[in-house]
Amino acid sequence: MTRGDWRRLDESDVRVRPGKGSRPRSKKRPDHADAESGMVVGVDRGRWTIALDGDPDSKVTAMRAREMGRTSVVIGDEVDLVGDTSGQPDTLARIVRRQPRSSVLRRTADDTDPYERVVVANAEQLVIVSALADPPPRTGFIDRCLVAAYAGGLTPVLCLTKSDLAPPDEILGVYAELDLPVVVTRSDREPNTLAERLDGRVSALIGHSGVGKSTLVNKLVPAAERATGVVSGVGKGRHTSTSAVAFPLPAGGWVVDTPGIRSFGLAHITPDDIVAAFPGMAEAAEECPSGCGHLGPPEDPDCMLDTVVAEGLATEGRLRSLRRLLASRAGLAEE
C-alpha cells in the first residue's frame, strides 16, 4: 500500500488510543506491611534523614512517596519506610506513612498569619533557653513559648543561661506560680543538671539568637559542632542555627536544636488551649460564656476563673500568671 492511500485501510491498520476513562483504576493502595519504622532527625531540600527504630547509628535518607501527597513530615515524626533502607551511599528509601503525633510545637510568623508551621513533632519537653544577661531576658517571649508548649502537649522547662553575668532571682520570681521546672547554667561550667533532665527523652530547645542555645547543644553533644555566634552591641544575637536538627544524647534520647527566632506567632492557639493545661482552671472555664478570653474584667467581666481563687482552689498569683500567658497570646503583653 502506498503512503497516504487511506481508502485501502482496514481495521487491522488502525490503532485506537484508549481514552482516559477506558481503563479502570483501583483506589486500593498497598498496605506496605513490610515497612520499617524510624524517626525523622534531619530535613534538607526534599530529603529526610531517618534513624531506623530511633537508632542514631542506623540512618537512612528518604523521600516522600507520591501517595503521601503534601503530608507534612518534620523533625521528630515517626514514619514508615519502604525501598532501600540499607543507608548505603546514593540509596534512597520512600516515606509511605506518618504515624499519629503525640505532641506538636507550632508557630506562625505573627499573630495575624493564618498559616501555621509545625516545627517539631513528638517532643516530650520544650526547653526555653533565655540568657540572664547579654542579651537580657524577655519575659514576653518566654510566655509565648510557654503558651505554645501547653497548647502543643509538651512539658515546658525554662533554662536560664549566663548566670555568671547576672543572678536569676528576678526571673525565678516571675514564674514561681507556674510550677515550671527551671535549670540555671553558667558559661564556665558544664550543664550537668540540664543533661540529666534531657536523658532518655526527646526534647526541643528554643530561644532567641545569642542566648547560648547552640553553646549548650555543643556541650551536651560534642559531636554536634553547631555554630556559635556573638551578641551585638544592641543585645541582638547573630542567627547561628538555620534549620532544626535532632542530635542523639550520649546517655540516650534526642535533643532538637531549633533555629534562633525573633518572633513567635500564636494565631493558631485559642484561650481554651492554654487554660486546659491548668488543672482546676479548665473545669471553671467550662462555665464561662461563649467566646470568653478568660482575661477577667474589663475584657471578660463574666469570666468564671476568679471563682477558683475565691474557693481556695488556686492562688491569686497562679491565676495572675495564667492571665499573663493569655494576654501574651492575645498580643496584649509586651515582648
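Beta carbons within 10 angstrom, averaged per residue: use that to sort the peptides 197-205, 246-254, highest first.
197-205, 246-254
For segment 29-73, with every protein chain kept in place, what is the accessible area per residue (1.4 Å probe, Å²)?
Here the per-residue accessible area is 62 Å².
Can you pull a Stokes-Einstein diffusion coefficient for segment 50-161 at 10 °C (1.306 mPa s), Rh from Kirkwood over Cα pairs, as a whole number of µm²/s?
Numbers: Rh = 16.3 Å.
Here the translational diffusion coefficient equals 98 µm²/s.
For segment 114-173, what is the accessible area per residue in Å², given a 1.4 Å probe and the full set of protein chains?
I get 35 Å² per residue for segment 114-173.
Among residues other than Val182 whose Cβ falls under 13 Å from its Cβ, what is the net charge (Lys/Arg +1, Asp/Glu -1)?
Details: positive: Arg197; negative: Asp169, Glu170, Glu177, Asp179.
With Lys, Arg at +1 and Asp, Glu at -1, the neighbours total -3.
Testing the spin-label approximation: label points 7 Å from Cα along Cα→Cβ at Thr193 and Glu311. State their distance in nm.
Spacing of the two 7 Å Cα→Cβ label points: 3.6 nm.
Label-point separation (nm) for Ser243 and Leu165, each offset 7 Å from Cα along Cα-to-Cβ?
3.0
Quote the FRET efficiency, to the nearest 0.05, computed for Arg66 versus Ser102 with a Förster distance R0 of 35 Å and r equal to the Cβ-Cβ distance.
With a Förster radius of 35 Å, E is 0.85.
Find out how many positive minus negative residues lie around Pro289, taking Lys and Arg as positive, Asp and Glu as negative, among other residues whose Cβ is under 12 Å from that of Pro289. Intermediate values should be presented prior to the final figure.
Numbers: positive: none; negative: Glu286, Glu287, Asp300, Asp302.
For residues surrounding Pro289, the net value is -4.
Tally up the carbon and sulfur contribution to the accessible surface of segment 129-176 as a whole percent, 1.4 Å probe, everything protein left in place.
The C+S portion of the solvent-accessible surface of segment 129-176 is 53 percent.
Separation of segment 40-82 and segment 108-166 by C-alpha centroid, Å?
25
How do the peptides 208-217, 75-84 rank, highest first, by the average count of neighbouring beta carbon atoms within 10 Å per residue?
The densest-packed peptide leads the list: 208-217, 75-84.
Please report the relative contact order for segment 243-320, taking Cα pairs under 8 Å with a sequence separation of at least 6, and give it as a percent rounded to a whole number. Each step should come with its number before you reach the end.
Details: 69 pairs, mean separation 13.0, N = 78.
17 percent.
Ranked highest first by the average count of other Cβ atoms within 10 Å around their residues, in what order do 38-44, 51-57 fall?
The peptides rank, most packed first, as 38-44, 51-57.
The values are calculated or read from the model by the stated rules, or taken from the named source; none is laboratory data. Quick caveat: nothing in here was measured; it's all calculated off a predicted structure. Positions of Cβ are backbone-derived with ideal geometry, glycine not excepted, and every protein chain shown enters the neighbour counts. Remember, those area values only see protein heavy atoms, side chains included, never the ligands or the DNA or RNA. Shrake-Rupley method; radii C 1.70, N 1.55, O 1.52, S 1.80 Å.
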